[in-house]
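The block underneath contains the structure these notes are about, expressed in structure tokens.
The values are calculated or read from the model by the stated rules, or taken from the named source; none is laboratory data. Keep in mind that what you see is a predicted model, and the values were worked out from it rather than measured. Here the Cβ positions follow ideal geometry from the backbone for every residue, glycine too, while neighbour counts run over all protein chains shown.
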Amino acid sequence: MQTTAVQPTLSVQEAPVAGTVGIIGLGSRGIGVLERLVTLAALPDRAGRRLVVEVVDPDGTGVGIHAVDQPDHLLLNTVCAQVSLFPEEATVGAAVGDRGPNLYEWVTARGLKVAEDGHTLGTEGRPVRPDDFLPRRVLGEYLRWFLRRLLDRVPANVELRFHRATATGLTTGPDDSRLITLDSGETLRVDTVFLTTGHTPPAAPDPGAPGATRRIHEIYPPADAFAAVTAGQTLALGGTGLSAMDVLASLTVGRGGRYEAVDGGLRYLPSGREPSVLLFSRTGIPFRARPADNRTGGPYRPVLFTPQTLDRLRAAGAGRPLDLHGDVLPLIRAEMRSAFHRLGAALAGGADAERTLTERLRAAADAGTLDDELNALDVEHAERFGHFDPQELLFPDSAEFDSADAYRKWYEERLRSDLVEARLGLGGSPVKAGLEVLRDLRDVVRHAVDFGGLDEHSHDEFYGSFTATLNRSVTGPQLDRHEELLALLEAGIVSVPFGPAPRVEWDGTVWRISSTRLGTGHEAPADWLAYATSGQPDVEATGSPLLAGLVASGRIRRHRPGALSSRGVDITADQHPVAADGRPDRKVRVLGPLCEGATFYNHYVPSPGGRNRALADADRCVTAVLAELDAATPTATPIETRTAIPAAPETPTATLAAPETPTATPNAAETPTEIITRSPAQ
């Protein structure tokens, strides 16, 4: 464990310490909290109040799960123009603090380009586009750069102490402080704590379980996790979403295979090092690919599915929790149909036609006649744009297939038809525009479900099957990934023979996967089994010693202990964890993925343009913390200015190479930053 303090360059008159804040975890959520502490502590009204911040993270460079040494074929699932750590007025008001580039602007300023393979980022190839899905490691570089830039502007009254260690315990001190125990044995005393650990590992699997020696539980990093799966062996892979595509990329391109363009599609050229992959899932339905983001205009503005509509529903029900199917889904379906027809009007008659229709739909929603308007539009647009039924898209009837071959043909055709819509994009496909409502209005969904917004049964369904439906509909793999999947199916590297919900059993020597919903059954053996699915955090079955200890001591509890599908930390609306006895710990705040269940969709990186909840939560909580600390401390004497010295990583994570030709950054005050550059694999 190493502790690094940001040191002053001048001798200063020490002001009384107004408080000590701990941050456990320094991924994107931890950096967001740190940015708010630095920015708000620098405001003139706090110049005389000294603040100490203890930052605990085993890496300490801010990259979190976005390691800078991972291969370029592991991609972000957000386009680069929609990634930024810089708060905006819409989120934090006037106290913006610093302005800087989003990820697209950042890589462009450094002269980086996308190679011919479509994913390698280096100095050769085509210019980066705003809608490119860049390598995940580039976000790690951006996060690390952002942290270094943040450290450059630490004000004189703030002292940062970085502890490259893992927090293993959190207890209460005799003075009601909080004590953070590190794996080195050191204990840190703080007045308040932010728990921003991000994605924490699950509990270790039972080594004595059947097939344990041939089961891969942790799939990241894929190159290491699947190293034992060799050419000629067979891997049964459960899941067909983003994580599954990461595994397939690692077992193919990551092992020297490559794709070539042929007849409007792709052909896979194997290296000979690939295993065979049996792909399956519970629903048997493939994810929908992310569409090209080619729409114009600002954010989507709903006509019906709004916080105000939800508030009226709650008021009419005397504040009772909402019912997913009775209250929420009818609004979502109507909004999806509205979005479908609004784009249809734009494609048929231009922007004026779309604007006129939107006003008409909004008036109909106010008058309670929206369904009638939408039914008429269904008929009007059917010939040109086809039939659009949100219920059918979100909850398709269980299909029955005669054979493995029939299922395979259906699966491939579904991939192809969705790719047609994905290539048309959000500005050209009314179907994709209708589905995108589920993503565009995520904050409205949160307004419906957060902090016990749904009744118990609806909550279970929402965080169970419906969240899976949302993910399958709008957070699927990049368009290129499904083109590659079709090529892998054609090459015989990947097969989908089982249909929905196959049975998986260990027979003592191999895994056996058997169809359950095919007319003619299909069974196949597999040497290895892995599930590439993103499960919800489970604080009662965690591999984190810190969280396990907090649960065991009763300092935190699971949200809705009776719920079957959500197992995150129970928190109050102010982000305080709730103890087993029902009392909140007002000196601890939890942000990020651990809150899933109490709040919805916490596992994402902040985006620019409009209000961002991740940064808004950080701003709200830090503002409250500073007010609490100030109230407990007398006004201090102003201190002299000092300059922060950034703490360098203890050990470089990768070889860095600066771009060959320096390029001006979007902000003239920025200092040159090095970044990894690579050449495409030959």
Val303, sole failed condition from (1) buried (at least 20 other Cβ atoms within 10 Å of the Cβ); (2) outside any helix (DSSP H, G or I); (3) within 24 Å of the chain's Cα centre (by Cα)
(3)
Can Asp538 be described as touching a Ser or Thr at 6+ places or on another chain (Cβ under 7 Å) and either closer than 24 Å to Glu218 by Cβ or among the acidic types (Asp, Glu) (or both)?
no
Being more than 29 Å from Arg589 (Cα to Cα) and either assigned by TED's automatic domain parsing to the domain that holds Leu626 or of a type outside the set (A, V, I, L, M) (or both), is that true of even one residue in segment 136-155?
yes
Test: residue in segment 421-431 that is surrounded by fewer than 16 Cβ atoms within 10 Å (Cβ to Cβ) and either over 24 Å from Thr475 (Cβ atoms) or at pLDDT 95 or above (or both)
no
Count, please, the residues in segment 153-183 that happen to be of a type in the set (S, T, N, Q) and under 19 Å from Gly30 (Cβ atoms).
3
Of (1) touching a helix residue (DSSP H, G or I) at 6+ places or on another chain (Cβ under 6 Å); (2) under 24 Å from Pro155 (Cα atoms); (3) not acidic (Asp, Glu), Val52 satisfies all except one. Which?
(1)
Within segment 517-554, residues more than 30 Å from Phe498 (Cβ to Cβ) and out of contact with any Pro (no Cβ under 7 Å at 6 or more places or on another chain) come out as Val539, Glu540, Pro545, Leu546, Leu547, Ala548, Gly549, Leu550, Val551, Ala552, Ser553, Gly554
Could you check, for segment 444-467, whether at least one of its residues is under 29 Å from Pro275 (Cα atoms), among the charged types (D, E, K, R), in contact with a Pro (Cβ under 9 Å, 6 or more places away or on another chain) and in contact (Cβ under 8 Å) with a residue 40 or more places away in the chain?
no
Within segment 261-270, does at least one residue satisfy the condition of being buried (at least 21 other Cβ atoms within 10 Å of the Cβ), in contact with a strand residue (DSSP E or B) (Cβ under 7 Å, 6 or more places away or on another chain) and within 17 Å of Leu470 (Cβ to Cβ)?
no
Search result, residues across segment 252-277 that are aliphatic (A, V, I, L, M) and either farther than 22 Å from Arg423 by Cα or outside the structural domain of Ala487 (by TED's automatic domain parsing) (or both):
Val253, Leu269, Val277
Enumerate the helices (runs of 4 or more DSSP H) found wholly within segment 347-443, keeping only those where 2 or more residues are assigned by TED's automatic domain parsing to the domain that holds Val328 and in contact with an Asp or Glu (Cβ under 8 Å, 6 or more places away or on another chain).
430-440
Residue, surrounded by the fewest Cβ atoms within 10 Å (Cβ to Cβ), within segment 503-518, restricted to residues that are among the hydrophobic types (A, V, I, L, M, F, W, C) and part of a strand (DSSP E or B):
Trp506
Condition check: part of a helix (DSSP H, G or I), modelled with pLDDT of 95 or more and acidic (Asp, Glu). Does Glu461 satisfy that?
yes
Out of the residues in segment 240-270 that are in a strand (DSSP E or B) and aliphatic (A, V, I, L, M), state the one that is nearest to the chain's Cα centre (by Cα).
Leu266
So in segment 185-219, with the set limited to residues that are free of Cβ contacts under 8 Å to residues at least 24 places away in the same chain and of a type in the set (Ser, Thr, Tyr), which one is surrounded by the most Cβ atoms within 10 Å (Cβ to Cβ)?
Thr187
Can you tell me which residue among Val68, Val33 is at pLDDT 95 or above, outside any loop (DSSP other than H, G, I, E, B), crowded, with 18+ Cβ neighbours inside 10 Å and not small (Gly, Ala, Ser)?
Val33
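The rows are residues; the columns are (1) buried (at least 19 other Cβ atoms within 10 Å of the Cβ); (2) closer than 30 Å to Arg136 by Cα.
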{"position": "Asp570", "(1), (2)": "yes, no"}
{"position": "Asp581", "(1), (2)": "no, no"}
{"position": "Glu596", "(1), (2)": "yes, yes"}
{"position": "Phe600", "(1), (2)": "yes, yes"}
Output the residues belonging to segment 135-172 that are touching a His at 6+ places or on another chain (Cβ under 8 Å) and in a loop (DSSP other than H, G, I, E, B).
none
Within segment 263-316, residues under 30 Å from Cys80 (Cα atoms) and free of Cβ contacts under 8 Å to residues at least 60 places away in the same chain come out as Asp263, Gly264, Leu269, Gly297, Gly298, Arg301
Gly97 passes all but one of (1) on the phi < 0 side of the Ramachandran plot; (2) part of a loop (DSSP other than H, G, I, E, B); (3) of a type in the set (Gly, Ala, Ser); which number fails?
(1)
Would you check if Arg273 is at pLDDT 95 or above, in a loop (DSSP other than H, G, I, E, B) and touching a helix residue (DSSP H, G or I) at 6+ places or on another chain (Cβ under 6 Å)?
yes
Name the residue that is surrounded by the fewest Cβ atoms within 10 Å (Cβ to Cβ), counting only residues in segment 519-551 that are in a loop (DSSP other than H, G, I, E, B) and in contact with a Leu (Cβ under 8 Å, 6 or more places away or on another chain).
Ser534
Using the structure shown, decide if Glu383 is under 21 Å from Gly428 (Cα atoms) and acidic (Asp, Glu).
yes
